[in-house]
1. Just give me the residues in region 124-137 being surrounded by 14 or more Cβ atoms within 10 Å (Cβ to Cβ) and either at pLDDT 95 or above or over 22 Å from Ser171 (Cβ atoms) (or both), in sequence order.
2. Given the options Leu163, Leu197, name the one that is free of Cβ contacts under 8 Å to residues at least 60 places away in the same chain and either out of contact with any Phe, Trp or Tyr (no Cβ under 8 Å at 6 or more places or on another chain) or of a type outside the set (Phe, Trp, Tyr) (or both).
3. Could you run through region 14-48 and say how many residues are closer than 14 Å to Leu197 by Cα and of a type in the set (A, V, I, L, M, F, W, C)?
4. Mind checking which residues of region 16-64 are without any contact (Cβ under 8 Å) to a residue 40 or more places away in the chain, over 24 Å from Leu215 (Cβ atoms) and not in a helix (DSSP H, G or I)?
5. Being within 27 Å of Ser138 (Cα to Cα) and surrounded by fewer than 18 Cβ atoms within 10 Å (Cβ to Cβ) is the requirement here; does Gln71 meet it?
6. Tell me, yes or no, whether region 60-76 has at least one residue that is touching a Lys or Arg at 6+ places or on another chain (Cβ under 7 Å) and at pLDDT 75 or above.
7. Which members of region 157-194 meet the condition of being within 15 Å of the chain's Cα centre (by Cα) and closer than 17 Å to Phe59 by Cα?
8. Among residues belonging to region 87-102 that are surrounded by 12 or more Cβ atoms within 10 Å (Cβ to Cβ) and out of contact with any Lys or Arg (no Cβ under 8 Å at 6 or more places or on another chain), point out the one that is modelled with the lowest pLDDT.
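The values are calculated or read from the model by the stated rules, or taken from the named source; none is laboratory data. Just so you know, these numbers come straight off a predicted model, no measurement behind them. So basically every Cβ, Gly included, is an ideal-geometry build from the backbone, and we count neighbours across all protein chains shown.
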Amino acid sequence: MTNLFSMDTVFFTFMGYPMSYLEFFGTILNIWCVWLVSRNKILNWPVGILAVLLFMALFYQIQLYSDFLEQIYFLITGFYGWWIWSQRNKAKQNKQTSLNESILFATTKMRIISIISVVFGTLILGFIMCDVHLFLPSIFAEPASFPFLDAFTTVMSFVATILMAHQKIESWILWVAVDLIGIWLYFVKDVKFISLLYVIFLILATKGFFTWIRLWKQHKKEKTQPLSSQQASF
C-alpha cells in the first residue's frame, strides 16, 4: 500500500511517459477542486484537502521543497476555508446572506499587504531553501530545485489561498501568475502531467476570474434594483 505513494510506482505508461499513482490522482483531484472553486462550490475544500495530501508526497520526492511546505500550508488553510464557507452557507440557510454576496474586490489595504507579503516572503523563503539541505540533511537530502522561483510561486499561492477563503476576486489574478510559472517549472522538472495540469489550471483560473466578476456584478445589480424601484415609486 505504501508503494502507491512512491513516484517510482507506475500506474500506467502513456506515450512512453510513466504515470505514477501520485501524479495521476493528485492531478485529477486538483482539476476537480479548481473547477469547483470557479463554480463557487463549497465541496472544493474537502476535495482540495485530498489533493494536497497526494501532492505533498509528490513534491517531497522531486525535491521541490517550497512546494512541499506549500502543501502543508494548503492543508491548514483548506480546513480554514472550509470552515469559513460553511459559516456562510449556514447564514444563507437562515436567509441572511449567500456565498455569492461575499464575492468582493480586496480593499487597498489588503492589496498592499498582499504585495509586501509576496515580496518579502519570497526573499525569506528563497534564502532558506537555498541551504535547507545543509540545515536539515536528514529530511532534505538533495538541494532544492529553483529555490527562489519555487518560493515565489509558493508565497503567491499562500496569499491567493487566504484571499480565496475570503472570496476576494484578486485571488484569481495570483493563481493565473502561479499557473503560468508552474507550466514551465514542472515541465523542466519532468513531471509533464502536472505541467499539463497547470495549463488546465490556467484555463480554469481565467474562467474563475470572469465567473466571479459576473457574480459580483449580478449581486451588485440585485442590490441596486430595489433601491431604484423605491425611488421610482416615490
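1. Correct list: Gly126, Ile128, Met129, Cys130, Val132, His133.
2. Leu163
3. Of the residues in that region, 11 qualify.
4. Within region 16-64, Gly16, Pro18, Ser20 qualify.
5. In short, no.
6. Looking for residues that are touching a Lys or Arg at 6+ places or on another chain (Cβ under 7 Å) and at pLDDT 75 or above, one finds at least one in region 60-76, hence yes.
7. Of everything in region 157-194, those that are within 15 Å of the chain's Cα centre (by Cα) and closer than 17 Å to Phe59 by Cα turn out to be Ser157, Phe158, Val178, Asp179, Ile181, Gly182, Ile183, Ile194.
8. So the residue we want is Asn100.
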